[in-house]
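Working notes, beginning with the structure itself.
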Amino acid sequence: MEISRLIPARSAAASEPGARPTGASQTARDRLVYRDVWAREGIRPPSDTARAMIDALAPSADGPRPHLADLGCGAGRHALHAARQGLRVTAIDHSAHAVAALQGAVDEERIDCCDVIQGDAFAWLRELTPSTLDAVVCFDSVHHSSADPERVEETVALLASRTRAGGSVLVTLLCDITYSTGERPPGRLLVGEEDGAALLDRALGGHRLLTDRRKPVRVARTTSISPSTGRPVPASYGATRVLRQYQIV
């Protein structure tokens, strides 16, 4: 699928009063890589854990809509499922191509409860009032926030502080990341599985752990940057996904 329509970058103020624009732009490397990734992949089904969390939040016919943030939403597999279940959704991603795919689906289905933003999801999160959200999904994206483990830990802790007591946070951290090209992308947190799990424990250990899973991830076809030529090339990708779901206390 080729995505030709780009959604312009928007201010976070479109979804949260008083918030400032979403901040840092996507790197040149990621613009190249994720243009190819999202043009090829499209919108996949939601993960089983996210689906179960979202379904449990679905409002009654006359009840208030819980507010879920999908941070680093990609083409929107979790955001779309949440919106279809009647939740109020804020979905944010750096990639114009991913955002275009999600906005196209939202428009086609005439969904009126999903605010789609192109920009820095973690800058948006920092500007959000504490205890605002009912739920957060941050799936395979927080390792993009910084190469510094301490800064990533601070970002993960923000997921909890911006979620109300009793709300849910689902976060995954990709660890042991390897590309067949040997690329080590700049600006990424590149840690092993045990160090990644310990980081999540430190950031969210004061909250009630509901789900703790680890799963090998293998993508046979993706795009990488050749370390020798600096050009995009086909590649495979492997990692270990450390998945945690917490109830905020």
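Across all directions, the shadow cast by the convex hull of region 146-249 built on its C-alpha atoms averages 6.8 square nanometres. Taking all Cα-Cα distances within region 56-192, those exceeding 25 Å account for 28%. Diffusion coefficient (Stokes-Einstein, Kirkwood radius over C-alpha pairs, 20 °C, 1.002 mPa s) for region 152-197: 169 µm²/s, rounded to a whole number. Translational diffusion of region 17-247, estimated by Stokes-Einstein from the Kirkwood radius over alpha carbon pairs at 37 °C in a medium of 0.692 mPa s, is 183 µm² per second. Working note: 222 nm ellipticity from helices only, DSSP H runs with n ≥ 4, each -39,500 (n - 2.57), summed and divided by the residues of the chain, gives -9500 deg cm²/dmol to the nearest 500. For the chain, relative contact order (Cα pairs under 8 Å, six or more residues apart, normalised by length) works out to 18 percent. The listed peptides 158-168, 213-223, 84-94, 35-45, ordered by packing as a protection proxy, come out as 84-94, 158-168, 35-45, 213-223 (highest mean of other Cβ atoms within 10 Å first). Residues 180, 47 in ascending order of nearby Cβ atoms (within 10 Å, fewest first): 180, 47.
When 175, 73, 114 are sorted by how many other C-beta atoms sit within 10 angstrom of their C-beta, beginning with the fewest, the order is 175, 114, 73.
Beta bridges per DSSP, both residues in the chain: antiparallel share near 60 percent.
A short reminder: the numbers here are calculations on the coordinates, not readings from a lab. Computed from a prediction, not measured in an experiment: that's the story for all the values here. Please note: Cβ atoms are built from the backbone with ideal geometry, for glycine as well, and neighbour counts cover all protein chains shown.
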